[in-house]
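The values are calculated or read from the model by the stated rules, or taken from the named source; none is laboratory data. It should be emphasised that the depicted structure is a prediction, and the values quoted were computed from it without experimental measurement. Please note: Cβ atoms are built from the backbone with ideal geometry, for glycine as well, and neighbour counts cover all protein chains shown.
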Amino acid sequence: MIILGIDPGTAATGFAIIKKQSELRAIDYGCIRTSPQFSTAERLKETHQQIAKLIKKHRPDIIAVEDIFFFKNLKTAIKVSQARGVALLSASQAKIPIAEYTPLQIKQAVTSYGRADKSQVQKMVKVLLNLKEIPKPDDAADALAVAICCANSIH
């Protein structure tokens, strides 16, 4: 099974492609970056186009997206929600099932502790995927964690 994990954001959206067989294996991961000189609409369009390219290239069986459950800054939450909407739209247009997970669920699935900090999650992503180093940037590591959560949730 191929899983596309997405950590949504306006400036940077993390993505990860993992394959679940007898073990988990990272296929591709990185970050979709948009220019701050673009309007919000242009940034969302660029994110949509890049996600569509990832879908076409890797043909995932499911797309896992981080859900917004708690926020400290309303302005940031709205922008992240817009990017989440783009990810959901991309999956829907491609007729690919969607799984949504809260940060708490993701941390629990990756570290067995729902209040783990970012560095704990990153270290476990490295271990679980047998990577040589902690994946960078942070958005890509977060997307890998989303994909791992999905892989562990599917039986």
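Below are the figures for this structure:
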| read-out | value |
| --- | --- |
| Exclusive hit being on the phi < 0 side of the Ramachandran plot, surrounded by 14 or more Cβ atoms within 10 Å (Cβ to Cβ), touching a Cys at 6+ places or on another chain (Cβ under 7 Å) and not β-branched (Val, Ile, Thr), set Ala140, Ala94 | Ala140 |
| Failed item in (1) more than 20 Å from Pro135 (Cβ to Cβ); (2) of a type in the set (A, V, I, L, M); (3) surrounded by fewer than 20 Cβ atoms within 10 Å (Cβ to Cβ), with Ile27 passing the rest | (1) |
| Residue satisfying condition, being assigned to a helix (DSSP H, G or I) and without any contact (Cβ under 8 Å) to a residue 12 or more places away in the chain, within set Gln105, Gln49 | Gln49 |
| Members of region 130-155 that are under 18 Å from Ala99 (Cβ atoms) and either within 11 Å of the chain's Cα centre (by Cα) or not in a helix (DSSP H, G or I) (or both) | Asp142, Ala143, Leu144, Ala145, Val146, Ala147, Ile148, Cys149, Cys150, Ile154, His155 |
| Qualifying residue in region 47-70 (condition: modelled with pLDDT under 95, more than 16 Å from Ala140 (Cβ to Cβ), surrounded by 14 or more Cβ atoms within 10 Å (Cβ to Cβ) and within 15 Å of the chain's Cα centre (by Cα)) | yes |
